[in-house]
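The values are calculated or read from the model by the stated rules, or taken from the named source; none is laboratory data. Model, not experiment: these values are computed from the prediction. Glycine gets a Cβ as well: all are built from the backbone with ideal geometry, and neighbour counts include every protein chain shown.
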Amino acid sequence: MEQPLPKSWSIHTRPEIIAKYQILERVGSGAYSDVYRARRLSDDLIVALKEVHDYQSAFREIEALQMLRNCPNVVVLHEYFWREDEDAVLVLEFLRTDLSAVIRDAKKKEGGVRVGEVKRWMLQILCGVDACHRNMIVHRDLKPGNLLVSDDGVLKLADFGQARILMESGFDGDNNQQVPVEQNIGYQEYVPPPLVTVPDAQSLPNQGCNNQAEEVANREEYLRQLVELKAKRHAMDEADKETNTNDGYSSCLATGTISDIDDDPLKSSYSYEAEEGGDDRTGALTSCVGTRWFRAPELLYGSIDYGLEVDLWSLGCIFSELLTLEPLFPGVSDIDQLGRIINVLGNLTEEVWPSCSKLPDYRTISFAKIENPVSLEACLPNRSPDEISIVKRLVCYNPANRATTMELLNDKYFNEEPLPLPVSELHVPLTKNDHDEDSPGGWNDYDGMGSDSDFDDFGPFNVKTTSSGFSIQFS
Ligand SMILES: Nc1ncnc2c1ncn2[C@@H]1O[C@H](COP(=O)(O)OP(=O)(O)OP(=O)(O)O)[C@@H](O)[C@H]1O
């Protein structure tokens with residue numbers, strides 16, 4: 001018997017929604033959203049209603065999910081409600097659990113996740129990310145909690161609120177040249193359906209099943225709307241540039257303020273000297289994306305012209321966690337995050353990544369030389385050389401050296417014994433614990449990877465703050 005709901009939730013004031021859905025319970029909330037489990041009145045289908053309180057986040061999620069709607073490893077957007085001056089409500093397929101619950105559950109069992117299972121989980125994640133990257137969509141917030149899992153073991157990428165479509169103009173950062181619309185479509189896998197108000201996905205034509213007239217109409221409508229979207233996206237990019245907005249996470253080096261320092265548990269461990277002249281960056285993206293533990297080093301160093309490769313770094317961290325059942329780099333602050341990475345991979349120098357010194361914060365954050373980096377091998381004890389190799393090909397400094405999803409999908413690891421288990425044989429936990437271990441707030445529960453004492457390895461450092469903000473200098 002379902003519990004009666006408090007009627008105070010704002011979603012109950014939306015007549016167009018309660019006319020079609022019975023809201024059953026609130027299942028969670030994120031930085032910008034509340035998510036409810038609901039029943040579609042017409043056919044009893046259980047769905048997730050995601051009420052998104054941020055315009056940009058809603059726009060990005062809808063746009064990305066529409067483009068990816070044929071991918072079996074991306075959550076399905078059934079329809080959405082969005083009227084002026086109201087929050088968008090996305091109607092998504094409901095998935096009861098996620099990969100962080102799988103990992104948590106495996107910790108309780110002897111032997112963790114079996115190799116055949118690891119391979120199937122990885123393949124599903126790779127398929128989902130591959131679909132994104134083929135469409136030039138960078139997810140920017142890949143983590144186990146955003147990889148939802150159905151009761152029958154199908155894994156689906158979710159939470160596209162930070163996703164961006166890397167059209168050429170946005171990709172180049174300061175390149176304002178107009179790219180012909182046709183050219184943009186040229187490198188996309190397929191033409192996505194038009195972005196229309198309040199569509200029902202089931203009434204939208206399916207890619208590949210359209211008759212010709214429909215296809216032409218869709219294409220024309222798409223081209224028209226793409227121009228509109230590009231204009232809107234350009235406006236968002238401008239807003240990003242002006243404020244270097246934190247679009248999803250609160251602690252970020254590149255946008256640091258004195259108050260960030262105040263919140264930092266390690267504030268007595270470093271000093272930061274703000275660059276003179278303020279922020280003069282002109283790129284189109286913000287560096288402040290993704291949950292810290294999975295955030296690529298180029299983002300931590302303030303890059304704003306990064307690419308799809310930031311997702312590949314996150315993938316490496318996720319694979320490592322699937323293999324060891326512990327997060328690879330559980331930083332408690334952005335500085336600690338970088339420190340942990342450097343402690344394992346060694347110092348970031350031009351030798352390992354030519355041009356890294358051009359990263360916006362490269363010169364303001366320097367670490368003492370790490371003579372004997374821990375190495376990824378040591379972080380993955382008892383794992384096979386092939387498994388270690390996969391993580392190493394993703395968790396590497398130079399984004400250009402990171403293996404693409406396509407390369408990994410063709411890796412021999414997935415064709416060798418033990419073969420990936422069928423999806424139906426995957427162990428799916430019965431419950432999803434609401435406590436999100438991926439969040440940096442979960443640090444206190446984590447006891448496997450050392451803590452503040454890691455900073456002992458970095459040598460002496462001084463503490464200073466300045467009136468204009470802070471910068472960090474390990475010496
Ligand atoms: N389709 C779904 N089915 C079931 N639960 C979902 C679904 N989508 C989201 N949730 C749950 O709702 C909660 C919030 O969702 P989500 O992470 O997408 O919101 P968000 O505001 O974008 O989050 P974040 O703060 O991580 O960026 C999470 O616990 C998530 O697992």
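Could you list, in sequence order, all residues of the stretch 40-58 that are buried (at least 17 other Cβ atoms within 10 Å of the Cβ) and either assigned to a strand (DSSP E or B) or away from the ligand (no atom under 13 Å from the Cβ) (or both)? If you could, list the steps in order and put the result at the bottom.
Going through the stretch 40-58, the residues buried (at least 17 other Cβ atoms within 10 Å of the Cβ) turn out to be 47-52, 54, 56-58.
Listed by number, the residues that qualify are 47, 48, 49, 50, 51, 52.
Let me confirm something: among 287, 250, which residue is within 16 Å of the chain's Cα centre (by Cα), surrounded by fewer than 24 Cβ atoms within 10 Å (Cβ to Cβ) and at pLDDT below 95? First the steps, then the outcome.
Details: 287 fails: surrounded by fewer than 24 Cβ atoms within 10 Å (Cβ to Cβ).
Every option except 250 fails the conditions.
Within the group 117, 182, which residue is assigned to a helix (DSSP H, G or I) and either at pLDDT 95 or above or in the same structural domain as residue 72 (by the TED database) (or both)?
Result: 117 is the single residue among 117, 182 that is assigned to a helix (DSSP H, G or I) and either at pLDDT 95 or above or in the same structural domain as residue 72 (by the TED database) (or both).
Can you tell me which of (1) closer than 22 Å to residue 387 by Cα; (2) of a type outside the set (S, T, N, Q); (3) assigned to a loop (DSSP other than H, G, I, E, B) is the one residue 85 doesn't meet?
Among (1) closer than 22 Å to residue 387 by Cα; (2) of a type outside the set (S, T, N, Q); (3) assigned to a loop (DSSP other than H, G, I, E, B), residue 85 violates only (1).
Which condition does residue 131 not pass, out of (1) in the same structural domain as residue 380 (by the TED database); (2) within 14 Å of residue 160 (Cα to Cα); (3) of a type outside the set (Asp, Glu); (4) within 15 Å of the ligand (Cβ to nearest atom), if it passes all the others?
Failed condition: (4).
Quick one: residue 346 ticks every box in (1) out of contact with any helix residue (DSSP H, G or I) (no Cβ under 8 Å at 6 or more places or on another chain); (2) within 18 Å of residue 330 (Cβ to Cβ) except a single one, so which number is it?
(2)
For the stretch 378-406, which residues satisfy the criterion of being farther than 20 Å from residue 297 by Cα and in contact with a Lys or Arg (Cβ under 8 Å, 6 or more places away or on another chain)?
386, the sole residue that qualifies.
Within the stretch 356-377, track down each residue that is within 26 Å of the chain's Cα centre (by Cα) and not β-branched (Val, Ile, Thr).
Correct list: 356, 357, 358, 359, 360, 361, 362, 375, 376, 377.
Restricting to the stretch 18-39, and then to whatever is part of a loop (DSSP other than H, G, I, E, B) and among the aliphatic types (A, V, I, L, M), can you tell me which residue is farthest from the ligand (Cβ to nearest atom)?
Applying the first criterion (part of a loop (DSSP other than H, G, I, E, B)) to the stretch 18-39 yields 19-20, 30-32.
Filter again for among the aliphatic types (A, V, I, L, M), leaving 19, 31.
Numbers: 19: 21, 31: 4 Å.
In this case the residue turns out to be 19.
Taking the criterion of being in contact with a Lys or Arg (Cβ under 8 Å, 6 or more places away or on another chain) and part of a helix (DSSP H, G or I), would at least one residue in the stretch 91-100 satisfy it?
For the stretch 91-100, residues in contact with a Lys or Arg (Cβ under 8 Å, 6 or more places away or on another chain) and part of a helix (DSSP H, G or I): present.
Quick one: residue 66 ticks every box in (1) surrounded by fewer than 16 Cβ atoms within 10 Å (Cβ to Cβ); (2) assigned to a helix (DSSP H, G or I) bar one, so which box is it?
For residue 66, the exception is condition (1).
If residue 61 satisfies every condition in (1) surrounded by 23 or more Cβ atoms within 10 Å (Cβ to Cβ); (2) outside any helix (DSSP H, G or I) but one, which is the exception?
Residue 61 satisfies all of (1) surrounded by 23 or more Cβ atoms within 10 Å (Cβ to Cβ); (2) outside any helix (DSSP H, G or I) except (2).
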